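Asker: Before anything else, here's the structure in question.
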Amino acid sequence: MNKILGKLKLARKLFVGGNWKSNGTEKFVENHIKLINTIKFDVKTMQVAIAPTFIHLKAASKILNKHFLLSAQNMSLYDQGAYTGEISGDQLKDMNINWVILGHSERRTLFKEANDIVALKTKKAIEKKLDVIFCIGEKIEEREAGKTFEVCDSQLTALVGKIDPKAWNSLVIAYEPVWAIGTGKVATPIQAQEVHAELRDWLKKKISEECSKKTRIIYGGSVTEKNATDLISQPDVDGFLVGGASLKQGFKEIIESCSKYINTLDK
């Protein structure tokens, strides 16, 4: 990576998120956060967030070291009211939760959240002053049909016009190829870089050059401690959204590999 690209990447600050999905018990939360609290990284060059289930957010907030971030895995399209089973943005803010994952493929596919719904949720989150990990990505049949970027384009385009151009500063874009989530398959570093570079070019053309330079684009999809170093070394990969590995010792190693890598850019 040349020095100019390295400086741009360093300026964006790496981001690593751990999505626990529908996993964990009170005992697991206690034990796993003890491990997470031992992880060291420079907050000037990197952010690390964990996203437990809704019912474990409060317990996690009491014991998680303050240099880590807490994120919800989803939020309601609606404010407080007669919406059984929903969690509003105001309720998240009341719990001092400042991040939320929106548009994860499991929400899009299993729970039928269309692009417009994800975009409206994102608009609502930004209005509530929540930062958003905005997930996009294609299914295996879409990749094989050469429609990877067509899918990503439609998922991003749903946001255009719904949020102010300056509001893109509140987003971290997570490219997660659906075929690589929880399957053990992973995009090669070259495949990931190709899509991330196209996404950055999309931001330049559709939003602004400044947005393209500043927006963090992270990768998700069977990220482990074994492939993290090769993936993070790509110029447009600014971190990870980690699924299964975030529940294990490997999450610590993934963060440490990112921290070690960012130190090479800082020299």
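The values are calculated or read from the model by the stated rules, or taken from the named source; none is laboratory data. Note that the structure is predicted; figures quoted are calculated from it, not measured. Neighbour counts run over all protein chains shown; Cβ positions are idealised from the backbone, glycine included.
Asker: Could you please find all residues in segment 55-71 being more than 17 Å from the chain's Cα centre (by Cα) and either free of Cβ contacts under 8 Å to residues at least 24 places away in the same chain or within 13 Å of Leu92 (Cα to Cα) (or both)?
Answerer: Of everything in segment 55-71, those that are more than 17 Å from the chain's Cα centre (by Cα) and either free of Cβ contacts under 8 Å to residues at least 24 places away in the same chain or within 13 Å of Leu92 (Cα to Cα) (or both) turn out to be Ile55, His56, Leu57, Lys58, Ser61, Lys62, Lys66.
Asker: Turning to a different aspect of this structure: Filter segment 188-223 down to residues that are crowded, with 17+ Cβ neighbours inside 10 Å and over 22 Å from Ala145 (Cβ atoms), then give me how many there are.
Answerer: Qualifying residue count for the region: 11.
Asker: Within the bounds of segment 80-95, is there any residue that is touching a strand residue (DSSP E or B) at 6+ places or on another chain (Cβ under 7 Å), under 22 Å from Lys121 (Cβ atoms) and surrounded by fewer than 19 Cβ atoms within 10 Å (Cβ to Cβ)?
Answerer: Scanning segment 80-95, I find no residue that is touching a strand residue (DSSP E or B) at 6+ places or on another chain (Cβ under 7 Å), under 22 Å from Lys121 (Cβ atoms) and surrounded by fewer than 19 Cβ atoms within 10 Å (Cβ to Cβ), so the answer is no.
Asker: So, in segment 142-174, how many residues would count as being closer than 25 Å to Val16 by Cβ and either in contact (Cβ under 8 Å) with a residue 40 or more places away in the chain or in contact with a Phe, Trp or Tyr (Cβ under 6 Å, 6 or more places away or on another chain) (or both)?
Answerer: The number of residues fulfilling the criteria is 15.
Asker: Restricting segment 96-135 to residues that are surrounded by fewer than 19 Cβ atoms within 10 Å (Cβ to Cβ) and polar (S, T, N, Q), which is farthest from Gly161 (Cα to Cα)?
Answerer: This residue is Asn96.
Asker: Return yes or no: is Thr157 surrounded by fewer than 19 Cβ atoms within 10 Å (Cβ to Cβ) and over 28 Å from Asp94 (Cα atoms)?
Answerer: Criteria met by Thr157.
Asker: Taking segment 198-226, which residues are small (Gly, Ala, Ser) and either farther than 17 Å from Ile181 by Cα or free of Cβ contacts under 8 Å to residues at least 60 places away in the same chain (or both)?
Answerer: Passing the criteria: Ser208, Ser212, Ser222.
Asker: Here's something else I'd like to know. Which members of segment 248-262 meet the condition of being out of contact with any strand residue (DSSP E or B) (no Cβ under 7 Å at 6 or more places or on another chain) and surrounded by 12 or more Cβ atoms within 10 Å (Cβ to Cβ)?
Answerer: Across segment 248-262, the qualifying residues are Lys248, Gly250, Lys252, Glu253, Glu256, Ser257, Lys260, Tyr261.
Asker: Here is a further query. How many of the residues making up segment 102-136 are touching a Lys or Arg at 6+ places or on another chain (Cβ under 9 Å) and in a loop (DSSP other than H, G, I, E, B)?
Answerer: The total comes to 7.
Asker: Could you tell me whether segment 175-187 includes any residue that is in contact (Cβ under 8 Å) with a residue 12 or more places away in the chain, surrounded by fewer than 16 Cβ atoms within 10 Å (Cβ to Cβ) and either of a type in the set (Val, Ile, Thr) or on the phi < 0 side of the Ramachandran plot (or both)?
Answerer: yes
Asker: Give me the pairs: first residue in segment 9-29 and more than 16 Å from Ile262 (Cβ to Cβ), second residue at pLDDT 95 or above and of a type in the set (Phe, Trp, Tyr), beta-carbon distance under 6 Å, and six or more apart or on different chains, which are they?
Answerer: Gly18/Phe251
Asker: Quick check: is even one residue across segment 42-62 more than 23 Å from Lys129 (Cα to Cα) and touching a helix residue (DSSP H, G or I) at 6+ places or on another chain (Cβ under 6 Å)?
Answerer: Within segment 42-62, none of the residues are more than 23 Å from Lys129 (Cα to Cα) and touching a helix residue (DSSP H, G or I) at 6+ places or on another chain (Cβ under 6 Å).
Asker: Take the residues in segment 1-38 that are more than 19 Å from the chain's Cα centre (by Cα) and assigned to a loop (DSSP other than H, G, I, E, B); name whichever of them is surrounded by the fewest Cβ atoms within 10 Å (Cβ to Cβ).
Answerer: Top of the filtered list is Asn2.
Asker: Working carefully through the options Val237, Val172, find the one that is surrounded by 18 or more Cβ atoms within 10 Å (Cβ to Cβ) and in a strand (DSSP E or B).
Answerer: Val172
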